[in-house]
Amino acid sequence: MNSWKYCSGLAIIFFSFCAASTYAYGQLYSDSIPAVKERDFLIYYDTNFYSCFPSVIKKNDGEIIVAFRRAPERKNFGERRSNHVDPNSYLVLVKSGDNGISWSKNPELIFAHPLGGSQDPCLLQLADGNLLCMSYLWAFLRDEGLENLKKPYSENIYGTVFMGGYYLRSIDGGDHWQGPFYPPSIPPEVKYNALGKPLSAYNRGALCEGKDGRIFWVVAASTDSADLKRTSNHLLISDDKGLTWSYSCPVASDADAAFNEASIYETPEGDLLAFLRTAGMDDQACIARSIDGGRSFLPWEKMGFRGHPLQALRLADNRIFLVYGYRHKPYGIRARILNPEGTDYATAPEIIIRKDGGGTDIGYPWAVLLDDKHVLVTYYFNKDDGIRHIAGSVLKLL
């Protein structure tokens, strides 16, 4: 049933009280919501696998690539559940040659790291068409290995030890990948990896290539040996298309709360906006702004809403499509459209893209333009706590 036709009578009544409202995903919105959802669909679903943490690009030839992390579905082995660290997690991609209508069924391998499980492939397409794919790694150690590790280090469940970040490069549109390459450990980082070496820079989130050709990357780091879980954000810059990286400055830190997964975006006026996930702050989304090309950042600010992590996409009219996961009831995916300089984040209306998630284990959305009027949002999802899969939604801009 066409939901717009179904509610046309209600909409006429509503318009008499509030102009410029629209209908999206079975719910009536006011305050000039600037987009309407056209459809939801599956991108990749397989009951054998736990699939999550996508990123998406549209290549210059029109092909769309969605990269994600895939691991065995542990419930199939009789285990209670799957989780976000797995010794057999690796990076894959699927493609669409018809603007997101259909997708390749069998994922292509991007990379399986020989030392452990890989996470969160973050794609960046450069102006010259080359691709970067940022990721990070967990190694899995036995008890005797854990006893001999250089401290401090990060340990997750089942003896998994954090190895830090790495990245891959493709010069042929994602058909082949070079690497792994390892970014430097940033000066404030205090942790070591499972090999006893300083932890290489890492993070989940979108990078951006600036107008001057530099690549900006906001990474996370533990800088206090007494409180290793309280991470802060910092800026790395590459002047040579990602071949090498240099530390620039802190982005956001706090004595109590943590900043971690972050995306960075350059505005038409040249400001850099860092959209930050937080911990210990009731899931507040935060922003930090640089007005000097990444040499420093102004004090971070709360954006006035909850959600994480965030990713920003420039629309054809230079507005910012800001999308984020929503891990509170009703679980789902949400977005806002900001003005070109991103100054109206506190007042921009919220767009509810999905509200039917099966719990908190969803989200990590990433968006790309299909054309000047349509946005594809990719994310991982579950219904009724079922198979984690990669899904998408198409929104029409109004």
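Since every read-out is calculated from the coordinates, none of them should be taken as a lab result. Just so it is clear, the structure is predicted and the values come from calculations on it, not from any experiment. Because the Cβ atoms are built from the backbone with ideal geometry, glycine has one as well, and the counts that use them run over all protein chains shown.
Miscellaneous remarks
- Put in line by how crowded their Cβ is, counting other Cβ atoms within 10 Å and starting with the fewest, 266, 73 read 73, 266.
- At an R0 of 30 angstrom, the distance between the Cβ atoms of residue 75 and residue 39 translates into a FRET efficiency of 0.55.
- Model label points for residue 246 and residue 146, set 7 angstrom from Cα along the Cα-to-Cβ axis, are 4.2 nm apart.
- For the chain, the equivalent ellipsoid derived from the Cα gyration tensor has semi-axes of 33, 24, 21 Å, listed largest first.
- Using θ = phi - 60° and Karplus 6.51 cos²θ - 1.76 cosθ + 1.60, couplings along the stretch 192-200 (whole Hz; Gly, Pro as x): 10, 8, 5, 9, x, 9, x, 5, 6
- In this Cβ point-charge picture (+1 for Lys and Arg, -1 for Asp and Glu), the stretch 257-378 has a dipole of about 400 debye about its Cα centre.
- Of 59/105; 59/355; 75/229; 302/373; 59/211, pairs whose Cα-Cα distance is over 25 Å: 59/355; 75/229; 302/373
- Working from Cα pairs under 8 Å separated by at least six residues, relative contact order for the stretch 273-398 is 16 percent.
- With each label modelled as a point 7 angstrom along the Cα→C-beta vector, the residue 98-residue 115 pair spans 4.3 nm.
- The rule of thumb for compact globular proteins, 2.2 N^0.38 Å, goes into the C-alpha radius of gyration of the stretch 336-398 1.28 times.
- Sparse-neighbourhood loop sites, trypsin sites (Lys or Arg not before Pro) in the stretch 86-165 - DSSP loop, at most 11 other Cβ within 10 angstrom: 105, 142
- Rel. contact order, % - alpha carbon contacts under 8 angstrom, at least six apart, the chain: 14
- Cα Rg over Rh - the stretch 91-203, Kirkwood: 1.06
- In whole percents, the pair-distance distribution calculated for the stretch 196-300 from its alpha-carbon pairs, binned every 10 Å from zero, is 16, 50, 28, 6, 0.
- Across the options 324, 345, 357, the greatest Cα extent toward the positive end of the charge dipole of the stretch 304-360 (unit charges at beta carbon of Lys, Arg, Asp, Glu) belongs to 357.
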